[in-house]
Amino acid sequence: MENIGIVNNGRCASSCAIFTTTMVKKEGVRIAVVGGRQLMPQQYTGTVGGQSTSFTVLDSEIKSTLLKKHALAPPDFIGNAYQGLTWRLGFGIKNPSNPEEFENHQATDAFPLTVDTVNRPEALWKDLTKRWWPNLQ
């Protein structure tokens, strides 16, 4: 596993978060977050759950099954709003009595976006390869 690295933007959630957290905490792979505020620790994952969705998707499902008039159905949002939802939170890998969501997920490296790297993933990988595997040619 020492030859594996993961790169993301820190907005990893749901299945991505479960996979990434497992690879980092159990297998010890390196991870870099691209972007974010410089000189500030970056978290490589957000919501660690089995399913992340939004109110819009859930509301659409309720409406498509004709349950919108049910007493327990949520009202429509008024205005421009976004509500994220997570079902089935995953329990901790290192601390199984706590939801993984409550644990720290600090990236090995934070990689700031620059003019040279913003739309060039190959430039990101070249730099990270030099940092993580300096003996690799």
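Residues checked against (1) more than 20 Å from the chain's Cα centre (by Cα); (2) surrounded by 13 or more Cβ atoms within 10 Å (Cβ to Cβ):
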{"site": "Arg37", "(1), (2)": "no, no"}
{"site": "Thr45", "(1), (2)": "no, yes"}
{"site": "Ala71", "(1), (2)": "yes, no"}
{"site": "Phe77", "(1), (2)": "yes, no"}
{"site": "Ile93", "(1), (2)": "no, yes"}
{"site": "Glu100", "(1), (2)": "no, yes"}
{"site": "Ala110", "(1), (2)": "no, yes"}
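Could you check, for region 48-55, whether at least one of its residues is exposed (fewer than 12 other Cβ atoms within 10 Å of the Cβ), out of contact with any Gly (no Cβ under 7 Å at 6 or more places or on another chain) and more than 29 Å from Met1 (Cβ to Cβ)? Walk me through how you get there before you give the answer.
Just the residues of region 48-55 that are exposed (fewer than 12 other Cβ atoms within 10 Å of the Cβ), to begin with: none.
No, region 48-55 contains no residue that is exposed (fewer than 12 other Cβ atoms within 10 Å of the Cβ), out of contact with any Gly (no Cβ under 7 Å at 6 or more places or on another chain) and more than 29 Å from Met1 (Cβ to Cβ).
In region 44-59, the residues that are closer than 21 Å to Glu100 by Cβ form Cβ pairs under 7 Å with partners that are modelled with pLDDT of 90 or more and part of a loop (DSSP other than H, G, I, E, B), at six or more places apart or across chains, as follows: Tyr44/His105; Tyr44/Ala107; Thr45/His105.
Residues that are out of contact with any strand residue (DSSP E or B) (no Cβ under 6 Å at 6 or more places or on another chain) and under 16 Å from Asn104 (Cα atoms) within region 30-42 comprise just one, Met40. Taken over region 20-59, the criterion of being in a loop (DSSP other than H, G, I, E, B), closer than 30 Å to Gly79 by Cα and aliphatic (A, V, I, L, M) is satisfied by Val48 alone.
Which residues, taken from region 90-125, are of a type in the set (A, V, I, L, M, F, W, C) and assigned to a loop (DSSP other than H, G, I, E, B)?
At the first step, the residues of region 90-125 found to be of a type in the set (A, V, I, L, M, F, W, C) are 91, 93, 102, 107, 110-111, 113, 115, 118, 123-125.
Ile93, Ala107, Leu113, Val115, Val118, listed by residue number.
Residues in region 6-29 that are open to solvent by less than 50 Å² (accessible area, probe 1.4 Å) and within 13 Å of Ala110 (Cα to Cα): Ile6, Val7, Asn8, Gly10.
Kindly check whether there is at least one residue in region 76-89 that is under 19 Å from Gln38 (Cα atoms) and either in a loop (DSSP other than H, G, I, E, B) or among the charged types (D, E, K, R) (or both). Within region 76-89, none of the residues are under 19 Å from Gln38 (Cα atoms) and either in a loop (DSSP other than H, G, I, E, B) or among the charged types (D, E, K, R) (or both).
The values are calculated or read from the model by the stated rules, or taken from the named source; none is laboratory data. Worth saying up front: this structure is predicted, and the values here are computed from it rather than measured. Every residue, glycine as well, gets a Cβ built from its backbone with ideal geometry; the counts of neighbours run over all protein chains shown. The accessibility values were calculated without ligands, DNA or RNA, using every heavy atom of the protein model including side chains. Shrake-Rupley method; radii C 1.70, N 1.55, O 1.52, S 1.80 Å.
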